[in-house]
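Undergrad: Can you keep this structure in mind? I'll have questions shortly.
The values are calculated or read from the model by the stated rules, or taken from the named source; none is laboratory data. Computed from a prediction, not measured in an experiment: that's the story for all the values here. Backbone-built Cβ (ideal geometry, glycine too); neighbour counts: all protein chains shown.
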Amino acid sequence: IIVGENGTGKSTLLEAIGALAGYDEAGGG
Amino acid sequence: GAALANTFRGHWLPKVTAGWFFRAESFYSVARYLDQAALEDPFRPPPDFLSWSHGEGFIRFFEERCRRQGIYILDEPESALSPSRQIELLKMLQRMDQSGTAQVIMATHSPLLMACPGARLFRVSRFGLEPADFRDTDHFRMLRDFSNDPDGFLDEALY
């Protein structure tokens, strides 16, 4: 679980992890 | 992404072939769909049952999609969920954890979801990521202060 203020990059981090796992944005594998 | 690839190493065996990236909009769409479906149901149950039934429907919807082995990424799911539905989501996360076949990576502002039993919590700031306890987050402290003394909290916050 990742917590933090708005603008600290949580979504960017999730997107990067998702990209490593091979997921498209808001999509599935 | 390139910088992360140097830091993280993905280990999974067998290869992960299922999983989802759920954004807030995804949860909102599901919640709205279930609300609409309930309204259009000619055999609509009484309100108390409806709210219970909604939570169940919501969880069934996600359990169906999160049952398979995979990595599930949830970005602020609480944005579309009432507190009672957040509890339903917590129950589902617990079942996924117990299944041992799925991993969930979630960003949240919800103190309820942060308290997910067994989860590892990391606080992100401009200094980086650090392990944290949900009781030590600003989110939890603020909610606790508000709950303990709503009037006093608001007086101070809005001063």
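Undergrad: Within region B:59-159, which strands (runs of 3 or more DSSP E) (wholly inside it) include 2 or more residues that are touching a residue at least 12 places away in the same chain (Cβ under 8 Å)?
TA: So the answer is B:70-75, B:102-107.
Undergrad: Now for a different question. Pairs please, first residue from region A:11-28 and more than 7 Å from every other protein chain (Cβ to nearest Cβ), second anywhere and at pLDDT 75 or above and assigned to a helix (DSSP H, G or I), Cβ atoms under 9 Å, 6+ apart in sequence or on different chains.
TA: Pairs found: A:Asp24/A:Gly18.
Undergrad: When you go through (1) modelled with pLDDT of 75 or more; (2) crowded, with 18+ Cβ neighbours inside 10 Å; (3) not aromatic (Phe, Trp, Tyr) one by one for B:Leu34, which number turns out not to apply?
TA: (1) is the only condition that B:Leu34 fails.
Undergrad: While we're here: Here is a list: B:Arg120, B:Arg135. Which entry is exposed (fewer than 14 other Cβ atoms within 10 Å of the Cβ) and facing chain A (nearest Cβ under 10 Å)?
TA: B:Arg120
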